[in-house]
C-alpha cells in the first residue's frame, strides 16, 4: 500500500484540508470527500499534474437534501481515486469538467437527465439518455420518483400511445 | 463547397444499441460528425435498486448480449468486496476462463463484421464458423451460448469436469491454428492492408484525451488493460502481454484484436494448467453490509466499470454501470472526421459495437435542395465496397484464395 499512501500524502501536501481525509479502502482504491467550493481546483490538479489521466465515469447520487457526485479517476498503474462532492438539491447547479475530460460530457448529460442536475457550462448538444419527448421535471433516478404520471389518453388517441 | 447532412440510425445492424450519427459532408468527405444516444435506455440502474443483489446479477448480465459475463463479474466482485467474501481460487479461475472464452467469441465476431463491412465476406463466413467452436464450448459448460449465468455472489455456480477441461484444451489448439492464419492474412494481404490503413485515424493524444477504451485505445498506443493494471479474478497469477499498436487506424484495431486472441489462448492454457482443486463458491449473506465499492473489468470492448452502494439491506441503494462503448463513442466522432462517406461503416464497426438484428433506413438530406432521400445501411455498405473497387481495392480475388485455403485446413 506504499503507493496509495504516497498519493494520499501528495494530495495532503498540496491541499492541506485533505490531510488525513483520503481513505485507503484497499490496494488501488482511494476515497475522498471534497467540499464543493474546493472541488474544481483539486480535480484539475489531479488530472493535469498528478497523473490521474483517465475518468472512468461520474456517478450521480440522490442523497436526500443533496446531490452527490463521485468522480472515479484512474492512474495508469491501476490506482483509482473516488472523489466525492455534494451540492444542495435546492440549488441544483454544478460545473462541467468537459474541458478536462471531453468524455465526461456524456456522463454529465446522463446525470442532468436522470437526476435533474443543471450543469452550467455544458456545450450545446442533444440530451442523453432520455427521449426528446420526456416530460419536464421527471427525474427517474431520484429516490422519490414513482414512475411517469398516468394521464388519460387525449381524445382520438389510442391508449398506450 | 456546399455541405450535406446525413443522419445515420437510430436503428441499424452495425450498432450495439440504436444510435443516431449526424454526418456533415463536404463532397465525399465527412466534415463533422455528431451523435444522439439513448434509444435503448432500459432504466436498469433504477431497476437494480428495486431488486435483490441476487436478482440484479441476472438483470445486469443482460446489459449486453456479448459481454454478459463481463457485467455480471464486474457486479458480483463489487458485492463480494462489500460483503467481505473471499471467493475460493477455483471459482476465480473458472470466472477468468469464461471471461477469456467470451473474449474469443467477441473478437471473432468482430473480425467477421469487419470483413463483411469492407466486402471480404469469406472472412466473415470462416471467422464465424470458427466462433461456433467457442460458442459450443460455452454452451457445454453453462448450457447457454450467451448469458452464461456462471456467476453468483461468492463464486461461480458450475464446476468444470476434467473432460470439459480437456475439451477446452483441444478446441483452443484448433482456434489458435486458425487465428495464426488470420494474422498472416492481416499482415501480408495487400488488399486488406490498403483497405484498412489510414481509415478512422485517431491520434494517441486524441485517444488519451477522449478516453478511448480497450482495443480502440490500445490500437492508438494507449497502454491500458485492467487485467494487468488492476488485476481481478485470477489475472494476478497469469502471464500475458498487453497488445499495443501504433497504427492508430482500423488496421491497428484489427491487429490488436488478433494479437489479443493469441494472448487469450495463452491465458486459457495457463488456467487449465494451474486451476486448483477445491470449492467453487462461498455462501453469501442475503443482506449486504452498508458501504460503497468501485469495480473494474476488462471487457472485450474495453474497461467496464460498476459502482455499487449498499444500505445494509438485501437491495442495493445505487448501482451505476458504465459500459465500454459509451467511453468509445466520444472517439468515433473524431475518427469519422475527414474520412470518406464510403468508410463510415467500417469506422463505426471498428470500435466493435454489438450487432442488433434491426435494419432500418438512413435518411439522406441534401442541404441545398432540402430534399430527403433514403439509403439503407446495406446500400451504404455496397456504396462503400463499390467506391473502393473503383479506386483499386477489390476483394474478389482474396475472397476466392481465402476460401481455397480454408477448405484445405478443415477442422
Report whether or not residue A:130 is within 14 Å of chain B (Cβ to nearest Cβ) and surrounded by 22 or more Cβ atoms within 10 Å (Cβ to Cβ). no
Any chance the stretch A:139-150 includes a residue that's more than 24 Å from residue B:50 (Cα to Cα) and either surrounded by 11 or more Cβ atoms within 10 Å (Cβ to Cβ) or modelled with pLDDT of 95 or more (or both)? no
Going by the conditions given, is residue B:293 within 14 Å of chain A (Cβ to nearest Cβ) and under 16 Å from the mean Cα position of the chain (by Cα)? no
Scan of the stretch B:286-298 for residues that are surrounded by 13 or more Cβ atoms within 10 Å (Cβ to Cβ) and farther than 15 Å from residue B:56 by Cβ, ordered by number: B:291, B:292, B:294, B:296, B:297, B:298
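Yes or no, residue by residue, for (1) away from every other protein chain (no Cβ under 14 Å); (2) buried (at least 21 other Cβ atoms within 10 Å of the Cβ); (3) within 26 Å of residue B:141 (Cβ to Cβ); (4) in contact with a strand residue (DSSP E or B) (Cβ under 7 Å, 6 or more places away or on another chain):
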position	(1), (2), (3), (4)
B:2	yes, no, no, no
B:27	yes, no, no, no
B:32	no, no, no, yes
B:54	yes, no, yes, no
B:70	yes, yes, yes, yes
B:100	yes, yes, yes, no
Selection from the stretch B:267-281 of residues buried (at least 16 other Cβ atoms within 10 Å of the Cβ) and either farther than 22 Å from residue B:167 by Cβ or without any contact (Cβ under 8 Å) to a residue 60 or more places away in the chain (or both) yields B:270, B:281
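Can you tell me which residue in the stretch A:68-77 is surrounded by the most Cβ atoms within 10 Å (Cβ to Cβ), limited to those that are over 9 Å from the mean Cα position of the chain (by Cα) and in a strand (DSSP E or B)?
A:74
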Of the residues in the stretch A:4-42, how many are within 14 Å of chain B (Cβ to nearest Cβ), surrounded by 14 or more Cβ atoms within 10 Å (Cβ to Cβ) and not in a strand (DSSP E or B)? 2
Considering each residue of the stretch A:108-127, count those that are more than 13 Å from the chain's Cα centre (by Cα) and more than 9 Å from chain B (Cβ to nearest Cβ), and give that number. 5
Show the residue pairs meeting these rules: Cβ distance below 7 Å; 6+ apart or different chains; first residue within the stretch A:107-123 and under 18 Å from residue A:65 (Cβ atoms); second residue assigned to a helix (DSSP H, G or I). A:117/A:111; A:118/A:112
Could you list all residues from the stretch B:19-29 that are within 26 Å of the chain's Cα centre (by Cα) and free of Cβ contacts under 8 Å to residues at least 24 places away in the same chain? B:20, B:22
Which number in (1) part of a helix (DSSP H, G or I); (2) more than 24 Å from the chain's Cα centre (by Cα) marks the one condition that residue B:287 misses? (1)
Can you tell me how many residues within the stretch A:78-99 are surrounded by fewer than 17 Cβ atoms within 10 Å (Cβ to Cβ) and either in contact with a strand residue (DSSP E or B) (Cβ under 8 Å, 6 or more places away or on another chain) or at the interface with chain B (Cβ under 9 Å from one of its Cβ atoms) (or both)? 5
Can you name the condition, by its number, that residue B:348 falls short on among (1) assigned to a helix (DSSP H, G or I); (2) farther than 30 Å from residue B:98 by Cβ; (3) at pLDDT below 90; (4) away from chain A (no Cβ under 14 Å)? (2)
Give the stretch B:232-263 a look and list any residue that's within 12 Å of another protein chain (Cβ to nearest Cβ) and farther than 24 Å from residue A:103 by Cα, or say none. B:232, B:235, B:236
Of all residues in the stretch B:230-262, count the ones that are within 18 Å of residue B:212 (Cα to Cα) and either touching a strand residue (DSSP E or B) at 6+ places or on another chain (Cβ under 9 Å) or part of a helix (DSSP H, G or I) (or both). 10
Looking at the stretch B:208-218, which of its residues are buried (at least 24 other Cβ atoms within 10 Å of the Cβ) and either within 11 Å of another protein chain (Cβ to nearest Cβ) or assigned to a loop (DSSP other than H, G, I, E, B) (or both)? B:210, B:211, B:212, B:213, B:217
Considering only the stretch B:359-400, state which residues are over 22 Å from residue B:26 (Cα atoms), at pLDDT 55 or above and not in a helix (DSSP H, G or I). B:392, B:393, B:394, B:395
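Give B:60, B:97, B:15 a once-over and let me know the one that is modelled with pLDDT under 95 and over 23 Å from residue B:317 (Cα atoms).
B:15
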Quick check on the stretch A:43-65. Is at least one of its residues more than 9 Å from every other protein chain (Cβ to nearest Cβ), assigned to a helix (DSSP H, G or I) and in contact with a helix residue (DSSP H, G or I) (Cβ under 9 Å, 6 or more places away or on another chain)? yes
Does any residue of the stretch B:304-317 turn out to be modelled with pLDDT of 85 or more, closer than 25 Å to residue B:220 by Cβ, surrounded by 15 or more Cβ atoms within 10 Å (Cβ to Cβ) and over 26 Å from the mean Cα position of the chain (by Cα)? no
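The values are calculated or read from the model by the stated rules, or taken from the named source; none is laboratory data. Fair warning: this is a prediction, and the values are worked out from it, not measured in the lab. Glycine gets a Cβ as well: all are built from the backbone with ideal geometry, and neighbour counts include every protein chain shown.
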